[in-house]
Amino acid sequence: MSAEAKKVIEETACMKNAQLYAPGEGYQTSPSKATRHWGEDFEYTGLDRRLPKLHESLLGRYQIDNAAVALTASLLVAKKLGWTVQNAEIYNALAHTNWPGRFELINQEPMIILDGAHNEAAMEEVKQTLLTHFEGQSIFVIISVLADKQPLEMLKTLAAVPNVKIVATTFKAPRKIAQVAPLVENIKQLEYEEHWQQALVKILQQMSATDVLLITGSLYFISEVRGYFTT
């Protein structure tokens, strides 16, 4: 969270005489080495609970923060309403969390992942997840970005991942798609294919069973692609 955003939240909480809960303020988390490949393991401490060896089924360190926020909010609501929440219920809920389009694994071999990252901040999290979990693997990316987002910055962030090959493309978007074809000469890992279906076929022909394919750039885009894979 940016300092500016945090300041606004703190001022609002103070104005409303409300207690503020944030990482390190009211609760804290500590990531641990995942015992299973897909997902994140961590420890949660807060609201008179210590929950070690939590496993949540979403991949990405930022998902630990998301899970902790949801858990804290749930415990606060339960306390206010007088509900009893057992630790086993928490472990089970996190382990079975499903969020379509957020680093969603839709095929195992080869590994195909959908993620709706649609701005620079989200793409930075995607980059960190790729570096953390897929080091040493060949990574292919099919990306389509809306023109009113940050296409150049997003592409440069992805291009910073070693062993990555990026194919920019188009889809049936509700708004104008960024014209990235002129950027091909400036980003050596970048190619352009007009239709994403053609890009998919082209990449699958190059991939081995141990390679990774990430499809990303827009929630609208991955919604269209997801429909292709799930129908």
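So the values come out like this:
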{"read-out": "All positions within segment 135-172 that are within 26 Å of G227 (Cα to Cα), assigned to a loop (DSSP other than H, G, I, E, B) and of a type outside the set (S, T, N, Q)", "value": "V145, A147, D148, K149, F171, K172"}
{"read-out": "Conditions (1) touching a residue at least 40 places away in the same chain (Cβ under 8 Å); (2) surrounded by fewer than 20 Cβ atoms within 10 Å (Cβ to Cβ): number failed by F103", "value": "(2)"}
{"read-out": "Verdict on L131 being over 23 Å from I177 (Cβ atoms), of a type in the set (A, V, I, L, M) and either not assigned by TED's automatic domain parsing to the domain that holds I177 or not in a helix (DSSP H, G or I) (or both)", "value": "no"}
{"read-out": "Search result, residues across segment 192-208 that are surrounded by fewer than 16 Cβ atoms within 10 Å (Cβ to Cβ) and assigned to a strand (DSSP E or B)", "value": "E194, H195"}
{"read-out": "Residues within segment 53-75 that are buried (at least 16 other Cβ atoms within 10 Å of the Cβ) and either hydrophobic (A, V, I, L, M, F, W, C) or assigned by TED's automatic domain parsing to the domain that holds V126 (or both), tallied", "value": "8"}
{"read-out": "Which listed residue, of E120, E125, is in contact (Cβ under 8 Å) with a residue 12 or more places away in the chain, touching a Ser or Thr at 6+ places or on another chain (Cβ under 8 Å) and among the charged types (D, E, K, R)", "value": "E120"}
{"read-out": "Residue check for T97: among the polar types (S, T, N, Q), under 22 Å from L58 (Cβ atoms) and surrounded by fewer than 20 Cβ atoms within 10 Å (Cβ to Cβ)", "value": "yes"}
{"read-out": "Some residue of segment 89-110 being modelled with pLDDT of 95 or more, more than 26 Å from R226 (Cα to Cα) and touching a Leu at 6+ places or on another chain (Cβ under 9 Å)", "value": "yes"}
{"read-out": "Any hit, segment 30-53, residues being part of a loop (DSSP other than H, G, I, E, B) and farther than 18 Å from A95 by Cα", "value": "yes"}
{"read-out": "All positions within segment 120-156 that are at pLDDT below 95, in contact with a helix residue (DSSP H, G or I) (Cβ under 7 Å, 6 or more places away or on another chain) and polar (S, T, N, Q)", "value": "Q150"}
{"read-out": "Yes/no for S74 being part of a strand (DSSP E or B) and either of a type in the set (S, T, N, Q) or in contact with a Lys or Arg (Cβ under 6 Å, 6 or more places away or on another chain) (or both)", "value": "no"}
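The values are calculated or read from the model by the stated rules, or taken from the named source; none is laboratory data. Predicted model, so just to flag it, every value in this text is computed and none were measured. Don't worry about glycine lacking a Cβ; one is built from the backbone with ideal geometry, like all the others, and counts go over all protein chains shown.
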